[in-house]
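Pasting in a structure now, in C-alpha cells, and then I'll have a few things to ask.
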Amino acid sequence: MTRTAIGVTLSVALLLALTACAPPAGEPGAAASPPPSSPSVDPTPPAATGLLGCDDLVGADAVATVLTGADGARPTPVPAVQPSAAFDSALLGGVGGLACSWRVGEGQQRLGSGDGDWAYLQLSVLPGAAAQWAPVWAGDMPSTDTIEVGGVTASVAEGETGWKLSAPVGDAWVSLAVRASGLTAEGSRFLGMPDGAVAAALAAVAEESFGVLTGAAPERLAWPTLPTRSGDAACTGGLDEAGIVAALQIDPGAVTGYTVDDARASAPSSLEGAARAVAGVFGCELRTEGFGMTTITVVREFAPALGAMSDGPDTAVAFAPLSLAGAVPPEAAIVAVRDDGPRAPVYFTVGGTLYEVYSDGAQTVAEAIIAQTR
C-alpha cells in the first residue's frame, strides 16, 4: 500500500508541473488535444499452461463439502492417500495418470482397516483410457445407475465401501470415490445424513473436475510416465515355482497350481485395472492344499513407484521399512503394519522391478525371489 500511495503522489505532482509549464490552449506552441480513444482490451484471457494438479481440478470448498459429516461441522481436509489405495495410486502415477486424495479425521491406520474415524475423497484421472471405460461396480456386478454431470453421463454406486462415480471425460477415464470408516457399523461420520446428500456432493466435485478437464489443452494432462513392461508375463527366473515352494517349506505334492495372471489379457473393469494393464502388471498365483494361496504381483520397471507408497502422512504409519536378505541398495522394501495375523503384504524392489507379495511368510517369499533373481 505504501508503494502504491507514493507512486500516485509522484504522478500527480509531475502532471501539475507539466500543466503549469504548458502554454494555454490556442496560443502558439500549444499542442492539439488528441481525440479520446478507448483502451485496448483483449476479451480473451491468456490460456492456462502447465500440468494440471489436484488443486486445479477441485477447489478446497468442494472437497470440504463432500467430506462434511452429519454433525455439519465443516472439516479441514488434508492431502493424504488411503493406505488401502496406496499401491494402485502409485501405479496410476507411474503410467501418466493423476491420483488425488484428501482425508478428514484421524486416517486409516492399518491396511484394510475400517476402524477409527476417517473419510477420504479420491479422484483419479487416466488419460487416453476413455475408450476402455466401464461402469463402476455395485456389489458383485456393474452398476446400472447413472446421473448427468455437466453434460456427461456418469456411472454411480453406493454401498458398504462408500460412494463411487465414474465417467469418460474427453479421452480420459475419470473416477471419484468417498470412502469412510464405520459404514457397516454404528460409527460412520455420515450416519444420519439425508438420503443422497453425499452422492450429490460427490457429483458436484465431479462436475467441477470434469469442467476443468474438458477445457484443458492436451499438454496439461501429459503427466510424466515410467517405462512399462515390454516382454511377456512369465513366472520364471526370480519367480520360479520351485524356489517359492521351498522357501515356504511346502511339500511339492501339495501344490495344486502355479499360474500367471496378466492384466493385459482381458478388458479392464475399473480405472485401476486399466492402469495395471498399461503398466503391464502380472501376477503369479501359487495354490496349495493346506496352506492357502500365495500371490506375487510383478510390475517391471516400476521400482521408483515404491517411494510414492509410503511418503504420505497416513501411508507412513501404515507401512514400515523392512530389511530383506540379499537386497542391494537402492533396493528397498516396506511391509504393511498389521496386528491381526501373519498375512502382512510386503512390497519390495529388485533391480527395476516392483513386487507385492500376499502370503503367509511373505518376507520369506520376497527373499526367495531376490535369491533366484541374483
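The values are calculated or read from the model by the stated rules, or taken from the named source; none is laboratory data. Values in this document were obtained by computation on a predicted structure and should not be read as measured data. Note that each Cβ is placed from the backbone with ideal geometry, even for glycine, and that neighbours are counted across all protein chains shown. Each accessible area value is taken on the protein alone, full model and side chains, heavy atoms only, with ligands, DNA and RNA left out. Shrake-Rupley method; radii C 1.70, N 1.55, O 1.52, S 1.80 Å.
With the crude spin-label approximation of a point 7 Å out along Cα→Cβ, what separation in nm comes out for THR184 versus THR144?
A separation of 2.5 nm, rounded to one decimal place.
Which net charge results when you count Lys and Arg as +1 and Asp and Glu as -1 among the other residues whose beta-carbon is under 14 Å from that of TRP173?
Surrounding charge for TRP173 is -1.
Tell me, Kirkwood radius of region 237-288 from alpha-carbon pair distances, in Å?
It is 12.5 Å.
Membrane-span-like helices in the chain: DSSP H runs reaching 20 Å or more (Cα, own axis), mean Kyte hydropathy at least -1.0?
Passing helices, by number: 2-21, 197-215.
Taking loop as defined by DSSP and a crowding limit of 11 other beta carbons within 10 Å, which GluC sites (Glu not before Pro) in region 167-251 fit? Spell out each step's value before the answer.
On the way: sites: GLU186, GLU207, GLU208, GLU219, GLU241; in loops: GLU186.
Qualifying residues, ordered by number: GLU186.
In Å², and per residue, what accessible area does region 54-220 have when probed at 1.4 Å with the other protein chains present?
On the way: 7160 Å² over 167 residues.
Accessible surface, normalised per residue, equals 43 Å².
Residues with amide H under 5 Å of LEU322's amide H, sequence separation 5 or more or different chain, H placed in the peptide plane at 1.01 Å from N; which?
For LEU322, whose amide H was placed from the backbone, the distant partners under 5 Å are ALA333, ILE334, VAL335.
Which percent of Cα-Cα pairs in region 235-373 sits in each 10 Å bin, short to long?
Pairs per bin, as whole percents: 12, 41, 37, 10, 0.
Please give, to one decimal in nm, the separation of the simple spin-label points placed at ALA265 and THR161, each 7 Å out from Cα toward the Cβ.
Here the modelled spin labels are 2.2 nm apart.
Moving on. Taking amide H atoms as placed 1.01 Å from N in the peptide plane, list the residues 5 or more away in sequence, or in a different chain, whose amide H sits under 5 Å from that of LEU183.
Under 5 Å from the amide H of LEU183: no residue qualifies.
Around ALA86, what is the net charge, scoring Lys/Arg as +1 and Asp/Glu as -1 over all other residues with Cβ under 14 Å from its Cβ? Show your work: numbers first, answer last.
On the way: positive: ARG103, ARG110, ARG179; negative: ASP88, GLU272, ASP311, ASP314, GLU356.
Result for the neighbourhood of ALA86: -2.
When only the heavy atoms of the protein chains count and the probe is 1.4 Å, how do PHE291, PHE302 rank by accessible area, highest first?
These residues rank, largest area first, as PHE291, PHE302.
Around ARG74, what is the net charge, scoring Lys/Arg as +1 and Asp/Glu as -1 over all other residues with Cβ under 13 Å from its Cβ?
-1
When the convex hull of the Cα atoms of the chain is projected onto a plane and the area is averaged over all directions, what value comes out in nm²?
28.7 nm²
Name the residue from ALA131, THR297, PRO79 whose Cα lies farthest towards the positive end of the charge dipole of the chain, charges +1 on Cβ of Lys and Arg and -1 on Cβ of Asp and Glu.
The Cα lying farthest towards the positive end belongs to PRO79.
About the Cα centre of the chain, how large is the charge dipole given +1 on each Lys and Arg Cβ and -1 on each Asp and Glu Cβ? Please answer in debye to the nearest 20.
For this selection, approximately 820 debye.
Using the crude model of +1 on Lys and Arg Cβ and -1 on Asp and Glu Cβ, and no other charge, please compute the dipole size for region 215-374 relative to its Cα centre, in debye to 20.
For region 215-374, the charge dipole is close to 340 debye.
Obtain the nm distance between the two label points defined at GLU285 and ARG338 by a simple spin-label model: each point lies 7 Å from its Cα along the Cα-to-C-beta direction.
1.8 nm
Here's something else I'd like to know. By how many nm would the segment from ALA246 to ASP232 lengthen if fully extended, with 0.36 nm per residue of separation less the alpha-carbon distance?
Answer, rounded to one decimal: 2.5 nm.
Tell me the relative contact order for the chain as a rounded percent, counting alpha carbon contacts under 8 Å between residues six or more apart. Mind showing how you got there, number by number?
On the way: 687 pairs, mean separation 57.2, N = 374.
Taking the mean separation of contacting Cα pairs over the length of the chain, I get 15 percent.
A follow-up question, please. Of all accessible surface on region 235-373 at a 1.4 Å probe, what whole percent is carbon and sulfur?
That fraction is 53 percent.
If I take every Cα pair under 8 Å that is 6 or more residues apart in region 262-303, average their sequence separation and divide by the length, what percent do I get for the relative contact order? Mind showing how you got there, number by number?
Details: 47 pairs, mean separation 13.9, N = 42.
Reported relative contact order: 33 percent.
Round to the nearest 0.05 the FRET efficiency obtained for SER113 and THR49 when R0 = 41 Å and r is the Cβ-Cβ distance.
0.50
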